[in-house]
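Below: the structure, in structure tokens.
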Amino acid sequence: MRLIDILTTASTNMLRSKLRTSLTIIAIFVGALTLTLTNGIGAGISSYVDRQLGNLGANDVLIVQVADQNTGISSDAPKAYDPNRKTTTSGAGFSRAVLTQADITKIAAQPGVIKVQPEQSVSPDYIAGPNGSKYQVTVSQNIGAAHLDLAAGNNINDASTQNQIIIPVSYVSSLGFADAGAAVGKPVTLAVTDAFGLTTLHTGTIVGVQQKGLIGGGGVIINTSFNNELYNAQTVGLPIATKQQYAYALAYFDPAATTSQVDAIKAGLKSDGFTAQTVQDTIGVFKSVISGIIGVLDAFGIIALLAASFGIVNTLLMSVQERTKEIGLMKAMGMNSRRVFMLFSLEAVMIGFWGSLIGVVVAEIIGHLADSIVSKGLLSGLPGLQLLAFPAANVAKVMLLIMGIAFLAGTLPAWRAARQNPIDALRYE
Amino acid sequence: MTITTDSAKVKAMAATTNIIASERVTKTYGKGENRFTALDNVSFKVKAGESVAIIGKSGSGKSTLMHLLALMDKPTSGTIMIEGNDAGQLSGSKLDKLRNQTFGFVFQQFFLNGNASVLENVILPLKIAGVGSRARKQRGMEVLRDVELEDKAKNKANDLSGGQKQRAVIARALVNDPQIIFADEPTGNLDSATGKKVEDILFKLNQEKGITLIIVTHDEDLAKRCSRRIQIKDGKLVGDKR
Ligand SMILES: Nc1ncnc2c1ncn2[C@@H]1O[C@H](COP(=O)(O)OP(=O)(O)O)[C@@H](O)[C@H]1O
Ligand SMILES: [Mg+2]
């Protein structure tokens, strides 16, 4: 029998008991729909997170801290007090070691590290725009060549000696600009207060406006030269030792460095008593939580599919039973067992194919509807978020998986059909 | 008739070769206490072009013998010879090919797919053989003409009368241009008039194309029309009349 004849015969056989086949296809469809939707959510969120990651910083930077910290939940046992180790207290009463000037020199000496930039944390009193209104603000220094999601303007030029600033869209109208585009190129003022209580004003030029995002953003981003100016103004009157204490430092490496080279730098810093993480490392936890949730949802999809696959076994066993005589006749007429097997397992694969195709198509329709509803309503505050994404490769994988499961489900009935003895089949009443 | 079998060649072969032979064939079913001998040491030879009736009471072992001759089952002991070769030595795919291309089958129950068209049913052996769709349609119409059913080609098999169904089954048996047609009670389900018509077709094929007929029957009239009658009783060959 030719392959094309096996295919057409399998599909006519599939349609012979339409109700039974449709019910089986519906069962497969439910599994396919679930799996495609969970996959779609997974893909949608992770591509959004990847874009948000760009907002946080570049991939040629390590965030370096002193290693002996008791923060977080990961420490095994408390560390012994070291009178030589300086500590600083942060918000919630955590006390952690800080980097000193000597540490900075040590980090810079690490092979592979091109440049070290200690974090000079700046806390301005307020930001003011052309309309003079003052607003609270948090400042972050531009981490390397961050890929920001910008609503207008350009990224910061960190090498520039001019004071550059990027503001979030939420500040645009408050500061007195008509829209994001109008803000670009305009000056804004940041005020800092030094140790003596003296407040000074510092002006920078808006180079870009940042899109609102899920992570990062919310505050303004300034370039190194602006940050230095503010830090110096803010630390007037502090003893030099206090001035030169940093919560963390940014260690730059070659952007072309491979993962193993980056790992080598991290290992070197670790043996010197530091922890070093890329921006991706720090966000890794977030991503693994998301993929954990997706994994659980996927498991539901798989369970639905397993249930559906018993439907396939059942449907095909029934049709093998019904077609006993027909199979016997075909075998009597010289159809070989392998072809009989193929005939039935192809029928199973076809049921899987149609079920998964319908599931995938419906999932895409649901996805587009959900996206258009959600982006106008619930999640309108997160522009750029596509809740469900359906990359062709994922869709193909889901379909292949389901057809594979269907094939496996079909093997038992197909095997039964194949090993049928023509005489028994012909005598069968 | 336009069927391609070279009847002269078949007839020439008939003089020399036994197309099929049963040598001391025994078939038992079951084990131990339930062991039952359905065929007991049956030997006979059939020359090409013969028409052989296998007769006997119900349960005597006629169908069992026919299934063995048609190579659908293996004897417990003894051998079936096809054109002088031991069929027991044939590989699975050779057996399939032999059954597909040399044998044609007609059964008491028609084994037609009721929802498919008559033509679809008739060309099934060609489909199994891997013949292309155009060629098999053409050949299918040819054999339907032979059994005078060409106007029913597109009808569903279910819509045919009993006699028409059996003619469709004969067309299906013919479609691969076989050398032997095995028929198990071909008229068993038909009234005598339609049964007669089916018989006529079978014997016409035998006479005009030299197709060997092996017909299982307990219909006396049908048996008499055959050139030879093999009688089976309780699994034993008890008579062989020409
Ligand atoms: N698969 C089988 N298992 C056990 N007994 C069988 C089987 N097939 C046939 N028989 C028995 O063998 C005997 C001959 O059967 P069969 O050849 O069908 O007879 P006939 O065709 O002459 O009526 C019967 O008694 C039948 O019950
Ligand atoms: Mg019988």
- Under Karplus coefficients 6.51, -1.76 and 1.60, residue-wise ³J(HN,Hα) of region A:335-343 in Hz, glycine/proline x: 7, 7, 4, 4, 5, 4, 4, 4, 4
- Message: Let me understand region B:7-241 better: what is its radius of gyration from the alpha carbons, and its Dmax, in angstrom?
- Response: 17.6, 55
- Query: What's the average, rounded to a whole number, of partner chain beta-carbon atoms within 10 Å of each residue's beta-carbon in B:120-128?
  - Reply: 4
- Message: Sorting check: for A:242-253, B:27-38, which peptide has the highest mean count of neighbouring beta carbons within 10 Å, and how do the rest follow?
- Response: A:242-253, B:27-38
- Query: Between A:Asn131 and A:Thr199, what FRET efficiency follows from the Cβ-Cβ distance if R0 is 30 Å, with the result rounded to 0.05?
  - Reply: 0.95
- Item | Under 5 Å, built H, 5+ apart or other chain: amide partners of B:Ile19 | B:Val46, B:Lys47, B:Ala48
- Most packed first (mean Cβ within 10 Å per residue), the peptides B:231-238, A:165-172, A:340-347 order as A:340-347, A:165-172, B:231-238
- Message: Could you tell me how many cubic angstrom of Cα convex hull volume region A:243-328 has per residue?
- Response: 189
- Query: Mind checking the mean number of beta-carbon atoms from other chains within 10 Å of the Cβ atoms in B:83-95?
  - Reply: 1
- Task: Can you sort A:Asp371, A:Asp263 by 1.4 Å-probe accessible area, starting with the largest?
- Result: A:Asp263, A:Asp371
- Note on the structure: If R0 = 45 Å, then B:Asp40 and A:Lys18, at their Cβ-Cβ distance, give a FRET efficiency to the nearest 0.05 of 0.35
- Query: In whole Å, what are the Cα extents of the protein assembly as shown along the three principal axes, biggest one first?
  - Reply: 133, 55, 42
- Query: Just by accessible area at a 1.4 angstrom probe, what is the order of B:Arg134, A:Arg323, A:Arg339 from largest to smallest?
  - Reply: B:Arg134, A:Arg339, A:Arg323
- Please work out the average accessible area per residue across region B:7-241, using the 1.4 Å probe convention, and give it in Å². 44
- Query: Using mean Cβ contacts within 10 Å as the protection proxy, how do B:168-176, A:412-420 order, highest first?
  - Reply: B:168-176, A:412-420
- With every protein chain in place, what's the accessible area of A:Val360 (1.4 Å probe, Å², nearest 10)? 10
- In whole Å, what is the distance between the alpha-carbon centres of region B:214-242 and region B:77-108? 22
- Note on the structure: For B:Asp151, placing the label point 7 angstrom along Cα-to-beta-carbon and taking region B:175-202, residues whose amide nitrogen sits under 20 Å are B:194-195, B:197-198, B:201
- Item | For the protein assembly as shown, share of DSSP beta bridges that run antiparallel, in % to the nearest 5 | 70
- Message: Rolling a 1.4 angstrom probe over the protein chains, ignoring ligands and nucleic acids, what is the accessible area of B:Lys204 in square angstrom, nearest 10?
- Response: 90
- Neighbouring partner chain Cβ atoms per residue of B:102-115, average, 10 Å criterion: 3
- Query: Once you list every other residue whose beta carbon is under 11 Å from the beta carbon of B:Val216, what net charge do they have if Lys and Arg are +1 and Asp and Glu are -1?
  - Reply: -2
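The values are calculated or read from the model by the stated rules, or taken from the named source; none is laboratory data. Please read these numbers as outputs of a predicted model, since none were measured by experiment. Note: ideal-geometry Cβ built from the backbone for every residue, glycine included; neighbour counts use all protein chains shown. For the accessible areas, the whole protein counts, side chains as well, though only heavy atoms, and no ligand, DNA or RNA atoms are used. Shrake-Rupley method; radii C 1.70, N 1.55, O 1.52, S 1.80 Å.
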